[in-house]
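In what follows, a single structure is set out as structure tokens and then discussed.
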Amino acid sequence: MTRYGPVAIVGAGISGLTAALCFARKGIASDIFEQTSALSETGAGLQLSPNATRVLTKLGLAPQLEQIWSEPSAICLVSGTSLRPIASVPSGAFARDRWKSPYGVLHRADLQRVLLAAVEAEPLCRLHLGARMDDASRGALARVMGKEPGLVVGADGVWSKVRNCVQGSGKARFSGNVAWRLTLDEASAPAMFDASNVTAFLSGGSHLVVYPLPRLRRFNVIAIVSGRDPNGTPGRTLPHGEARKQLLAAFSGWHPEIVDMLRKAPEPTVWPLYEVSDGAWHQGEETVLIGDAAHAMMPFAAQGAAMAIEDAFELAAFAAGREPLAAFADHRKRRIARVRSRGAFNRFAYHARGPVKLGRDLVLSMRRPESLAADFDWLYGYEPRD
Ligand SMILES: Cc1cc2nc3c(=O)[nH]c(=O)nc-3n(C[C@H](O)[C@H](O)[C@H](O)COP(=O)(O)OP(=O)(O)OC[C@H]3O[C@@H](n4cnc5c(N)ncnc54)[C@H](O)[C@@H]3O)c2cc1C
């Protein structure tokens with residue numbers, strides 16, 4: 001056992017479950033405390049880029065995941081007003097070859113199930129469901145664990161309570177963007193929905209991402225719109241018809257086929273997007289934050305879960321190597337800052353209007369798909385500290 005064991009992990013989302021498996025891989029036992037009594041995620045898809053799947057492969061989860069995800073052939077940018085292709089980054093076999101790991105899309109509940117099964121099969125992991133830890137101090141955790149934890153890991157998401165135990169930690173702030181999520185069954189999907197690709201439809205102030213969820217025979221649809229917080233908890237359903245009304249207002253002026261799809265699709269759920277951008281991630285050698293608790297970010301680069309997965313893997317490596325938490329935080333903060341700026345760039349490019357939009361389309365149309373792919377080498381080709 002290292003000086004960090006036993007570890008108390010608060011939150012059994014993607015970051016908490018992955019962290020428990022990463023610690024176990026290093027021979028470190030953990031207790032995981034999750035507030036809900038059954039793990040489930042209100043329906044939405046997840047893109048897992050090669051930097052995330054590399055970690056999941058190291059954890060031995062690739063065989064299970066390959067059966068339930070699909071590997072899109074390309075990530076395509078398409079005009080939301082004319083449906084004209086703007087650019088595409090190859091994926092599929094190209095991703096496996098260039099970044100030595102696959103790019104997969106799946107329902108996030110499926111990933112959660114695979115992680116959960118691995119945690120339950122791992123003797124070094126003890127999962128406590130229905131265990132809400134509003135006080136994540138060592139004393140409070142010791143009362144439940146029977147002994148003081150060597151390390152407390154806050155993996156409890158954007159509204160983290162563990163942050164209260166970290167002096168100078170960040171705060172969740174509304175980002176100025178709202179996501180609307182829905183899934184659409186394959187049979188009623190419009191022809192422009194491409195089951196072999198991830199497609200991002202772009203227009204001024206908003207964009208729409210569509211990709212297949214083959215196990216469910218549905219498409220995942222996420223609309224991201226600049227706007228005010230509709231004052232809702234994430235995943236909330238607005239009064240009947242209200243969500244559709246707001247969404248149609250945001251997409252007026254888009255191509256009629258997209259507007260028609262939104263008019264006929266199931267009512268979306270609303271996700272006001274909050275981010276945690278600065279602040280401390282650790283308190284001495286006692287407590288550390290990972291995933292959304294440390295650095296919730298906008299989904300413009302589809303990297304929030306990927307960063308949570310990388311955090312978990314590298315935290316276990318630093319802990320097993322007996323390196324200080326400050327070294328872990330410095331190391332991860334540099335990576336997160338770079339990913340965040342890529343997300344900010346995507347936001348600027350995706351939501352561009354007028355001349356900026358024309359310039360974007362011109363520049364992108366002149367670049368070959370392989371050259372666009374090279375822009376992602378630092379992100380998707382990342383080898384985490386092991
Ligand atoms: C619209 C949208 C699309 C996205 N798409 C992608 C994508 O394609 N790819 C990608 O990589 N990322 C994506 N993300 C980001 C990704 O969903 C998050 O970054 C990721 O889920 C964060 O995982 P987490 O485990 O840190 O936090 P969470 O998933 O929030 O998990 C926190 C867990 O802690 C539990 N918890 C909270 N408080 C307590 C407490 N007091 N006691 C005990 N348990 C507690 C919660 O119940 C929960 O289970 C997207 C996000 C959004 C909003």
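The values are calculated or read from the model by the stated rules, or taken from the named source; none is laboratory data. Keep in mind that what you see is a predicted model, and the values were worked out from it rather than measured. Don't worry about glycine lacking a Cβ; one is built from the backbone with ideal geometry, like all the others, and counts go over all protein chains shown.
Quick rundown of the values:
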item: Filter result for the condition that a residue is part of a helix (DSSP H, G or I) and touching a Ser or Thr at 6+ places or on another chain (Cβ under 8 Å), over ARG163, ARG126, ARG143, ARG181; result: ARG163
item: Any hit, segment 218-240, residues being more than 16 Å from the ligand (Cβ to nearest atom), farther than 17 Å from PRO299 by Cα and either more than 24 Å from the chain's Cα centre (by Cα) or modelled with pLDDT of 95 or more (or both); result: yes
item: Exclusive hit being at positive phi and not basic (Lys, Arg), set GLY354, GLY343; result: GLY354
item: Of the criteria (1) crowded, with 22+ Cβ neighbours inside 10 Å; (2) under 30 Å from ARG138 (Cβ atoms), which one ALA280 fails; result: (1)
item: Residue list for segment 98-109, restricted to those being under 16 Å from ALA62 (Cβ atoms) and surrounded by fewer than 20 Cβ atoms within 10 Å (Cβ to Cβ); result: LYS100
item: Any chance GLY227 is out of contact with any His (no Cβ under 9 Å at 6 or more places or on another chain) and of a type in the set (Gly, Ala, Ser); result: yes
item: Pair list, Cβ under 8 Å, 6 or more apart: segment 42-62 residue closer than 15 Å to GLU314 by Cα and in contact (Cβ under 8 Å) with a residue 40 or more places away in the chain, other residue within 11 Å of the ligand (Cβ to nearest atom) and outside any helix (DSSP H, G or I); result: THR53/TYR103; THR53/GLY104; LEU56/LEU48
item: Residue, surrounded by the fewest Cβ atoms within 10 Å (Cβ to Cβ), within segment 127-174, restricted to residues that are within 19 Å of the chain's Cα centre (by Cα) and within 10 Å of the ligand (Cβ to nearest atom); result: TRP159
item: Within segment 277-352, helices (runs of 4 or more DSSP H) holding 3 or more residues that are at pLDDT below 95; result: 325-350
